[in-house]
Amino acid sequence: MKQRLHLLLTLGLLLLLACPLLAQQADVFNLRISGSYQDRPLPELLSDLETRYAPLRFYYVPEKIPFYQLTITFQDEPFFQVVKKLLDGSLLSAGKWSATEVILVPEDNRNRAFVQEMVNKWKTGEYKPPVLTGVLEKSYSFGSIEKAPNGKLNLKGRIVDAESKEPIIGATVLVRETAQGQASDENGNFELKIPAGRYTLQVQYVSFQSQIINVSLFDDGNLDLNLAPMPQQLSEVLIKAQAVEKGSQSSNVGVERLSIRTVKELPTLMGEADVIKSLQTLPGVTNAGEGVAGYNVRGGNIDQNLVLQEEAPIFNSAHALGFFSIFNADAVDQINLYKGHIPAQYGGRLSSVLDVQLKDGDARKWSGKGSIGPIASRILLEGPIKTDKISALIGLRQSYMGWVLQLTSSIPVQNSAAGFNDGIAKVTFNLSPKDKLRVTGFASSDDFRYGQDFGYGWNNYQAGAQWSHITNEKLSSKLYVNYGAYRAEQFDPEGNNAFSLTNGLNFWKSKLDNLYALNKNQALRFGAEINDYQSRPEAIRPFSDISIILPQSVDKDKGREMAVYFQDEITLSKRISFSVGARYSFFQQLGPRTVWNYEENLPREDLNIVDSVNFGGGKAIANYGGFEPRVSVKLGISDRASFKASYNRLRQYIHLTSNTVAPTPVDVWQVSTTYIPPQIADQYSAGFFLDDEQRRWEASIEVYYKDIRNLLEYKDLPDLLLNPRIETELLAGRGKAYGTELSIRKMQGRWTGWITYTFARTFSRVQGPSPSETINRGEWFPANFDKPNQVNVIGRAQINPTNSFSFNFTYSTGRPITAPISSYRLGTVLVPNFSDRNQYRIPDYHRLDISYTIDNRQTRLKGWRGSLTVSLYNVYARANPFSVFFQRNEKGRPSAYQLAVVGSVIPAVSYNFSF
Amino acid sequence: MNILRNMGFGLGILLLCSGCFKEIFFENVPDEQSLVVQGTITDVPGPRTIYLSYTAPFGRQDPERISAAQIDLLDEKGKKWPYEEILKGRYVMRDSQLRILPGERYFVEIKLTSGEVFRSEIQGMPRSSQIDDIRLTFNQLEDNRPLRVSVDVSALGNAKGTFLRWSLLRFARKQEVDQFRIRPFSLDIPTPKTCYITYPVNEQSILLFGTDRKDDFKIRQQELATIPTDRTFSDRNMIQVVQYSLPEAAYLYYRKINTITNQVGTIFDPPPAKVRGNISQLNDPDRIILGYVDLAAVDTAVTFVNPSFFEPVFISSDCMQDFSRPDWRDTWGFPATCLNCLLIPGAGVQLPKYWKP
């Protein structure tokens, strides 16, 4: 009885205490809210509520309040429900502090002392609402008023995303005093010509924080601006950036730009953001299959793609045989793929140019970002060595695939090793407003060993410097000097044939690129380039004590490629512009070398050698060269529709010799020689481009035809390794490729993404003077990577400000193969007899990948920020065939089998962070 | 280097590939036949055999043999040694006096009943490298406990290098169960036979070695085969290694054959193709004739394996009585092959050449 009485008293006391609280709660939570907000940042929205429902107050830590924008509508909804909606995805939760005060605290930090301190800071004025959409004001001064020249001064600059350092295309810079304005170009650059004076510039771009710049301009100035993004809209903005480049307004045809953010958001194998794999979601870009290095563009072989990193060529962009690429996604600034119109400043490859530019280190503050994935992690640090003068960027990536090997039941696989790593370092010197020096170093390494049976390794090294100089308001120049090396090794560590086989290539590249603005409608680009290729000998040596292999070395050819170019970009009117250019390239095969002469009208075989000629070191052995016209035109049909066309001729003097289905690390880069003429391609492209007024949608259709001469082909089962007369295994053929690329992109809204369909055919023909130098009786046959139909569907949904979902579906026709059509016996050995080359196809390829990202990096202004991505690669576990091979089946009869490299769904979790 | 191609699973293995291999069938495969010629002309007398056939449609094992052809071996001076057909599509040169010395050059001419004439390229006989030793190793701790066979070879220098091919045969002795012990009072008890069963070794791979070393040198522990140690090793076995010293062109041909027969579908596989041999049709040189007729200097060596070699592992015979067998009434519980060893494929009662009791 006593106990019951005690309980009643206690409850009664609690009720008495609770009554005022309930009453107060009712005050706040009984409010019903109506209103509609469009693209308003959360702090601003809270301020608005405070104004409308005074004396309502919100307390939070300003640095930790999400600054994403919200578009939201309330119709007579309870206050509690409204606050809950506002905080969805923010990792903040609301609590009542008093009848009119609401606290917004991190879900994981609700202790009273912390909250009390936070409230006190608001009440003492230490905390203030953050200025987010309000304008940031900055001041800059160039020169002194006493020395101000007459005439107009040049105010140049570059506008970049403060977070990603990517250029912002189309940001406006408005001079309030003169009402003069300009939009930033494809590289984020702008240039104003205004008289000396003091000005107020207004810099703005949708979904980015605007800035007011007070400029005292008494000399030419360089103004680099970082705009802070409004996160919710980021993807839209970035895909908009693509639209500007690719849409109806651009004068170029066949140019693709990938945002590095898009690259990171695509679902990937093992969660590794990958530049090269991301390219394959674009129309006209394919590859031979999973785990294959490189990519094919518009019917070109993989060696017909020039891959540049900071203008230095990369000769093997693959990590782990091709499952991943060597580019550190955090260090990349821009990715441009030229596959149609290739500007005259680029040359040396037939099909495409992939220009990967790295970020400059932040010149104001140190920051970092990185990723932790299931098989590799990476980190990037950037910051000032001397504020605003010297900045540095250092990135590292290291793999740890050993645990994956242990998951298998195979002992040899468990005893295997695989790994890769790479490092990038870049130092940027702001020497003066007109001079900038960038010094870059890069190295990557790969190792793979299968049990005690075989292994290989390869390395890329690069060192380069780039000096940018603005001579005057019309002329600017860039000088590039690059040195690089590629090394590859293959080894077999056991037995009488234990060997180590190495090869490599050293190169020097120097390039001077100038841009001369004749007037606002015409710009002339001109320059010169020299590439020096020093192939290292292909060398074999014994790899064990009992090995009978004798050390042997086969010298490879050396060469020098030179080019001069010009390109005139002319804008006749808003709707009509064209570009006329040409490149003259010249190549020399250089000694020392022994050149073998073969009997005329007989197959080029060892048996038919008649004599040889020795050339000394540095002597020119073979010379090739010629003009490469580059023309493109844009005709605007309306403000939102245009027709574009281009014609290009390209010459290629260095070729990847490979006798395997897909390139391997030890394939040799071979320069043109007396017997290996340069490959020459003529490409014709045309396209129709359409986008809507708000740039929400964009559609395009492009067609192309490519004619290739001296296409490098191979005799059947060629013997390329350690072959001193490799010309006896190579053939020169003819190639043709044609296709249509359809693309529809949605760039705004909750769902963004693109759908592409490509119809493409690629054929080769080799008709030599003898049967052994002819393929398929001289008839056209499909190239290894001829995939007539290809569909890509890429979508991304922003579920709420922090959560997003992405998917990637790809379909393509199976690639051609040479199939077994009959069999015969040699003793006990059952031998398949194969069809003519590439007369059959493996089954079609299709795959769905999905990923879900919880990205809280934008919910904090400072400190450690992270995002978690869960991805599933090959969601429905399709065993897409990669190749077909022959084996005896269990009955001893010959059978054909298909091999799928990936046959199951591959889940991955990766964590990206920045600080 | 072949290992790299053969075992180049690469990272596919790492990616936990499930269901990676699947049989595939092609449609619209043309029903065409190609002529196949295969043979070896050895330096010393022996069964110099040439096989003539047409290719079999893919998926069928046995090719169609070609009968009634006229085949001759010719030297540079035009002297002929005829072949005669002993089985359909199998032609043997009976002349046991012909010895071919290193450097002598020969070719083969084939006339079909259709009138078509084919010739092999002329080849020179290389110098013969000698087998020094056959090594057998057995590790009971190894998976599947295989018997490993390797050879030591003294290679004799040749102008273009040393090129070797090996073929291995295993002969297993099997003694029938003496039925007198089981049914001593029966009248029709046969005398138990001793059979010698021939087993091919590595039947789907051509064992090759090639180097352009032109000097004399030693090859040590060249591994040729791994043989599963099953119950056929419960009695004495003989391993016979025949080594062929080849011309370079023949070696390159067989290497191509290995390339297309040992593909595993990885990126290290070269795109397959028809392999043109050294036979051509006189009036149609563009026609692809499959197969090869090589000139080879032969050296043969044998070694023996008794069950005691595997100790402490005991390999028991399969001739154990088991009355749960469905046919136990007829066989008194023994496997039928223990009562009649000739039922085993490849079995014969003739003592194999080189066999020592």
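The values are calculated or read from the model by the stated rules, or taken from the named source; none is laboratory data. Bear in mind the structure is a predicted one, so any value in this text is a computation, not a measurement. Here the Cβ positions follow ideal geometry from the backbone for every residue, glycine too, while neighbour counts run over all protein chains shown. Just so you know, the surface numbers come from the protein's heavy atoms only, side chains and all, with ligands and any DNA or RNA stripped out. Shrake-Rupley method; radii C 1.70, N 1.55, O 1.52, S 1.80 Å.
Determine the per residue accessible area of the protein assembly as shown with all protein chains present and a 1.4 angstrom probe, expressed in square angstrom.
Using a 1.4 Å probe on heavy atoms only, each residue of the protein assembly as shown averages 41 Å².
Run the quick spin-label model on A:K891 and A:K147: label points 7 Å from Cα toward the beta carbon, then report their separation in nm to one decimal.
Output for this residue pair reads 9.2 nm.
Which order, highest average first, do A:585-596, B:276-287 follow once you tally other Cβ atoms within 10 Å for each residue and take the mean per peptide?
A:585-596, B:276-287
Note the per residue figure in Å³ for the convex hull of the C-alpha positions in the stretch B:213-321.
Per residue, the Cα convex hull of the stretch B:213-321 comes to 232 Å³.
What order do B:R181, B:R170 take when sorted by accessible area (1.4 Å probe), most exposed first?
Accessible-area ranking of B:R181, B:R170, largest first: B:R181, B:R170.
With the crude spin-label approximation of a point 7 Å out along Cα→Cβ, what separation in nm comes out for B:E32 versus A:S468?
Between B:E32 and A:S468, the simple spin-label model gives 6.0 nm.
Just checking the output field for A:833-840: average partner chain Cβ neighbours within 10 Å of each residue's Cβ?
6
Count, for each residue of A:715-727, the Cβ atoms from other chains sitting within 10 Å of its Cβ, then give me the mean as a whole number.
The per-residue average across the peptide is 3.
Residues of the stretch B:32-79 losing 20 Å² or more of accessible surface, assembly versus chain alone, probe 1.4 Å, please list them.
Output list: B:E32, B:V36, B:Q38, B:T55, B:A56, B:F58, B:G59, B:R60, B:Q61, B:P63.
When only Cα pairs under 8 Å and 6 or more residues apart are kept, what is the percent relative contact order across chain B?
20 percent
Of the listed peptides A:456-465, A:896-905, what is their order by residue-averaged count of other C-beta atoms within 10 Å, with the highest listed first?
A:896-905, A:456-465
Counting each DSSP H run of 4 or more residues in chain A as -39500 (n - 2.57), what helix-only mean residue ellipticity at 222 nm follows after dividing by all residues, to the nearest 500 deg cm²/dmol?
Computed mean residue ellipticity for chain A: -3000 deg cm²/dmol.
Please report, in whole Å, how far the alpha carbons of the protein assembly as shown spread along each principal axis, starting with the longest.
120, 103, 52
Please list, by residue number, every one of the chymotrypsin sites (Phe, Trp or Tyr not before Pro) in the stretch B:278-337 that is coil in DSSP and has at most 10 other beta-carbon atoms within 10 Å.
Those satisfying the criteria are B:F314, B:F323.
Can you give the Kirkwood hydrodynamic radius of the stretch A:722-805 from its Cα pairs, in Å with one decimal?
Taking the inverse mean of 1/r over all distinct Cα pairs, the stretch A:722-805 comes out at 16.7 Å.
Ignore the peptide's own chain and count Cβ atoms of other chains within 10 Å of each Cβ in A:446-456; give me the average, rounded.
3
Percent of accessible area on the protein assembly as shown owned by carbon and sulfur, 1.4 Å probe?
Carbon and sulfur together cover 54 percent of it.
In square angstrom and rounded to 100, what buried accessible area do you get between chains B and A, total over both, with the probe at 1.4 Å?
7300 Å²
Please label the shape of the stretch A:334-437 as rounded, prolate or oblate, based on the square roots a ≥ b ≥ c of the eigenvalues of the alpha-carbon gyration tensor (a/c under 1.5 means rounded; beyond that, a/b larger than b/c means prolate, else oblate).
Cα axes put the stretch A:334-437 in the oblate bin.
Set the Förster radius R0 to 41 Å, insert the Cβ-Cβ distance between B:V117 and B:E223 as r into 1/(1 + (r/R0)^6), and round the FRET efficiency to 0.05.
So, using R0 = 41 Å, E works out to roughly 0.45.
Kindly provide the pair-distance distribution of the stretch A:242-914 built from C-alpha pairs, with 10 Å bins from 0 and whole-percent values in order of increasing distance.
3, 14, 24, 28, 20, 8, 2, 0
What is the Å³ per residue value for the convex hull set by the Cα atoms of the stretch A:136-229?
Value for the stretch A:136-229: 78 Å³ per residue.
Which three numbers, in whole Å and largest first, are the semi-axes of the equivalent ellipsoid of chain B derived from its Cα gyration tensor as √(5λ)?
Equivalent ellipsoid of chain B: 38, 27, 25 Å, largest first.
Report, to the nearest 10°, how far helix B:248-261 tilts away from the longest principal axis of the Cα atoms in chain B, using its own Cα long axis and a range of 0 to 90°.
Long axis of B:248-261 versus the principal axis of chain B: about 60 degrees.
If I fit a long axis through the Cα atoms of helix A:112-123 and take the longest principal axis of the Cα atoms of chain A, what angle between them do I get, 0 to 90°, rounded to 10?
Helix A:112-123 and the main axis of chain A meet at about 80 degrees.
If each of A:S377 and A:E779 carries a label point 7 Å out from its Cα toward its Cβ, how far apart are those two points in nm?
So the two model labels end up 5.8 nm from each other.
For chain A, what relative contact order do you get, as a whole percent, if you take Cα pairs closer than 8 Å and at least 6 residues apart?
It rounds to 9 percent for chain A.
Evaluate the charge dipole of the stretch A:242-914 about its Cα centre and quote only its size in Debye, nearest 20, assuming +1 on the Cβ of each Lys and Arg and -1 on the Cβ of each Asp and Glu.
That gives the stretch A:242-914 a dipole magnitude of about 2100 debye.
Defining a contact as two alpha carbons under 8 Å apart and six or more residues distant in sequence, what relative contact order in percent does the stretch A:673-789 show?
Relative contact order, the stretch A:673-789: 22 percent.
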